[in-house]
1. Past the 24 Å Cα-Cα mark, which pairs from A:Lys53/A:Lys285; A:Lys352/A:Lys435; A:Lys85/A:Lys130?
2. Using a 10 Å cut-off around each Cβ, can you sort A:Glu329, A:Glu390 from fewest to most neighbouring Cβ atoms?
3. Order of A:Tyr364, A:Tyr16, A:Tyr214 from fewest to most other C-beta atoms within 10 Å?
4. Using amide H atoms built in the peptide plane, which far-off residues or other-chain residues are under 5 Å from A:Gly200 H to H?
5. Have a look at the DSSP beta bridges in region A:80-227 and tell me what percent are antiparallel, nearest 5.
6. Give or take rounding to whole Å, what are the principal axis extents of the alpha carbon atoms in region A:128-284, in descending order?
7. Could you tell me what percent of the DSSP beta bridges with both partners in chain A are antiparallel, to the nearest 5?
8. Nothing charged except the Cβ atoms of Lys and Arg (+1) and of Asp and Glu (-1): what's the magnitude of the dipole of region A:80-227 about its Cα centre? Round to the nearest 20 debye.
Amino acid sequence: MDSQTVTRFPPSPSGYLHLGGARTALFNWLYARHTGGRFVLRVEDTDVSRSTKESVAAILEALEWLGIDWDEGPYFQSQRFDVYKAYINRLLASGNAYYCTCSAERLEKVRQEAMQSGGKPKYDGNCREKGLEWREGAVVRFKAPLTGTTLVSDRIRGHIAFDNTELDDFIIQRSDGTPTYNLAVVVDDITMNINTIIRGDDHLNNTPKQIQLYEALGCEVPCFAHVPMVLGPDKTRLSKRHGAMSVTAYRDMGYHPEAMVNYLVRLGWSHGDQEFFTRDELVEKFNLEHVGRSAGVFDQEKLLALNAEHIRAASNEALAERLIPFLSEKGIEAAPGDYLYDVIETIKNRSKTFVEMAEAAAFYFVEHVTYEEKAASKFLKPAILAPLKEITEALEQTEGLDQETLEPIFQRVMDAHGLKLGKIAQPMRVALTGKTFSPGIFEMIRVLGKAAVVSRLKDAIGYIESHHLTIS
RNA sequence: GUCCCCAUCGUCUAGCCCGGUCCAGGACACUGGCCUUUCACGCCAGCGACAGGGGUUCAAAUCCCCUUGGGGACGCCA
């Protein structure tokens with residue numbers, strides 16, 4: 001008997017991996033890693049009509065991006081029908097299940113009546129004692145206990161008692177012979193030795209049914225931990241209505257997976273006042289004790305802030321790797337190397353996403369700068385012509401481009417014209433980047449290099465001269 | 001309708017289990033200021049919450065009950 005923790009993540013491949021699912025996956029993965037246990041990936045595709053290969057691929061891709069790896073699987077329920085069949089037969093043989101031939105119409109009527117009389121819409125047990133044999137179109141129902149209570153012991157919620165009269169004889173095998181969710185999960189969790197089930201609390205109501213199944217099968221009930229759900233800003237369950245909610249959509253919007261992981265885990269779990277966590281720290285500190293009990297609203301603003309923080313904290317090399325695809329998206333082919341790293345160093349504090357970072361980096365990679373209209377008209381004016389020329393000449397002469405070398409040059413020009421740095425920095429900025437905001441002048445000069453700076457300065461001088469000659 | 005869960009700033013949360021150290025702490029957002037060659041970053045300050053009502057107690061955000069509010073589940077989906 002091994003006491004190792006075994007958790008699992010069982011996505012249903014009927015769409016992409018959304019934020020709530022990602023968080024559940026993360027909790028399970030983190031808990032397994034934290035305890036030195038195993039993490040199993042299982043694809044729940046018993047509903048063949050809704051499951052697609054594309055969804056499976058999308059989910060795996062999202063997990064990979066998040067850095068979630070698994071020790072076993074992915075298993076596919078669709079390939080395990082014979083296993084479920086065996087367990088269903090066991091239940092049938094032990095008298096814990098029976099065939100039911102009630103029509104959909106009858107079932108619907110029974111539900112309506114139950115609702116009407118102020119009760120829960122559940123099956124009335126019509127076929128329960130009929131001792132029916134199999135026949136075309138029959139389903140198999142679980143013969144649930146009629147009296148007593150089923151106790152759920154939850155790591156997060158404590159003990160929850162369900163009155164068995166609230167539960168009914170749910171279907172475990174459809175008329176087409178395939179197993180239903182509750183049966184399949186239980187059988188899988190048993191056969192895969194899953195002993196810790198961490199999932200959304202929308203499954204809390206399924207838990208007593210599943211416990212009854214474990215008991216009927218004579219198997220040990222695993223440990224449950226129902227985590228609160230993730231809600232949209234309107235406080236309802238996260239859905240397509242809330243805009244981007246696929247994990248990969250955030251990747252494409254320029255989010256760092258470490259930030260996504262940090263945010264998702266922190267939404268529902270806490271470690272005192274700490275907000276920023278690296279993946280390793282999460283593995284080290286994550287536990288079930290500090291998972292909260294109330295649902296949390298997904299806050300994109302906070303994710304964004306955290307993303308900026310993770311970008312600032314990352315190394316230029318690591319950032320470069322993630323930035324390159326966003327650069328190519330803009331038609332910029334940059335390779336890892338000192339130039340890129342230096343570029344990143346100047347913009348990492350000003351970028352909240354990789355999309356922003358690519359935008360901020362663009363000017364470093366163009367031959368000729370394109371001026372923003374307002375920027376040019378405001379700063380590239382004749383008054384600045386002489387200072388710009390002097391700086392250009394001085395730069396052409398100079399060797400080093402470090403701040404100690406640059407400052408005296410600027411100082412001399414400033415003194416000569418009675419200008420403050422601000423007066424000269426803005427035109428310079430426009431000349432070098434085309435915009436009115438950018439990294440610091442001195443750092444840009446150093447990164448761009450003498451040739452590029454001089455060339456851009458000359459472009460700007462030419463621009464001013466041509467505009468003013470024609471106008472005046 | 002029935003059952004289950006939940007309830008601290010706008011949002012994420014610390015504190016609650018083991019009542020007093022909490023006229024409630026942190027973060028995001030917002031506002032103001034500092035720094036300053038722009039934009040950021042950073043720093044400082046401000047705004048802002050124990051859902052309501054009853055108990056228990058010398059003392060309750062913390063324990064109990066009720067109300068209200070929110071969420072979820074009731075399917076031959078998962």
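Derivation of every value follows stated rules applied to the coordinates shown; laboratory data play no part. These figures come from a predicted structure and were not determined experimentally. Reconstructed Cβ throughout: ideal geometry from the backbone, glycine too, with neighbour counts over all protein chains shown.
1. On the way: A:Lys53/A:Lys285 35 Å; A:Lys352/A:Lys435 19 Å; A:Lys85/A:Lys130 22 Å.
From A:Lys53/A:Lys285; A:Lys352/A:Lys435; A:Lys85/A:Lys130, over 24 Å: A:Lys53/A:Lys285.
2. Numbers: A:Glu329 13, A:Glu390 16.
In order of increasing Cβ crowding within 10 Å: A:Glu329, A:Glu390.
3. Numbers: A:Tyr364 23, A:Tyr16 19, A:Tyr214 15.
By the 10 Å Cβ count, ascending, the order reads A:Tyr214, A:Tyr16, A:Tyr364.
4. For A:Gly200, the qualifying residues are A:Val227.
5. Details: 13 of 19 bridges.
If I count the DSSP bridges inside region A:80-227, around 70 percent turn out antiparallel.
6. Sorted largest first, the three principal extents are 60, 33, 32 Å.
7. Numbers: 16 of 31 bridges.
The antiparallel fraction comes to roughly 50 percent.
8. Values: 18 positive and 20 negative charges, 23 e Å.
The dipole of region A:80-227 has a size of about 120 debye.
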